[in-house]
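Asker: I am attaching a structure below and will ask some questions about it afterwards.
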Amino acid sequence: MAVSEDLLWDAEDKGTRIVPRLRRMAVIGGCLGLFGLVLWVDSDVRWALCAAAAYVLVEVAHWAWDRRRLVEARIVVGESGGLARLRLRHAGGRITEHDPHHVARVLIIHDNVHDSAKLRLRLRRKRLFFGRPGYSPVLTTWRETCPGAAVNDRNAWWGMPGIPD
């Protein structure tokens, strides 16, 4: 097992992307509000208000899901007993530590077009973590760190076949 602080997963984008999301929400809400005011006299504009509310709810749900995604995975030496721990950092800033022996599956999905990969990490008891797109890691490090895990990689099922233009 690796005992030094090794980087196992590193995402390209580690931010929460809240400013572009707020900007999008403001522009869409403003446009739907203006459109509703223009059509207020001639028709029923409740659909425009419902569409704006639905869009805001979808953006909030996506933000809540995206901030849970992994941006970094490291193996660190624990403070008590010197046992190695798997430290996962999420996009929202939360850091969790897990026993590497509790990792059941590691799947790296390589993108067909871009030079990036996605991480699927499953712990025992069916806890699943998704990683943001990042650089393709070395699978041997994952195999050494998590000896009981099924470590695999595959190509994505989408994208352009062959060599992209």
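Each reported figure results from applying straightforward, stated rules to the coordinates on display, with no laboratory input. Every value quoted in this text rests on a predicted model; they were computed, and no experiment measured them. Cβ: placed from backbone, ideal geometry, glycine included. Neighbour counts: every protein chain shown.
Asker: Report the extension gain between N152 and V60 in nm, rounded to one decimal, defined as 0.36 nm multiplied by the number of residues separating them, less their alpha carbon distance.
Answerer: Stretched out fully, the N152 to V60 stretch lengthens by 29.8 nm.
Asker: Quick one: if you stick a label point 7 Å off each Cα along the C-beta vector at R127 and L107, how many nm between them?
Answerer: In this crude label model, R127 to L107 measures out at 2.0 nm.
Asker: Going by amide H atoms built from the backbone, whose H comes under 5 Å of the H on N112, apart from near neighbours?
Answerer: Here A156 satisfy the definition.
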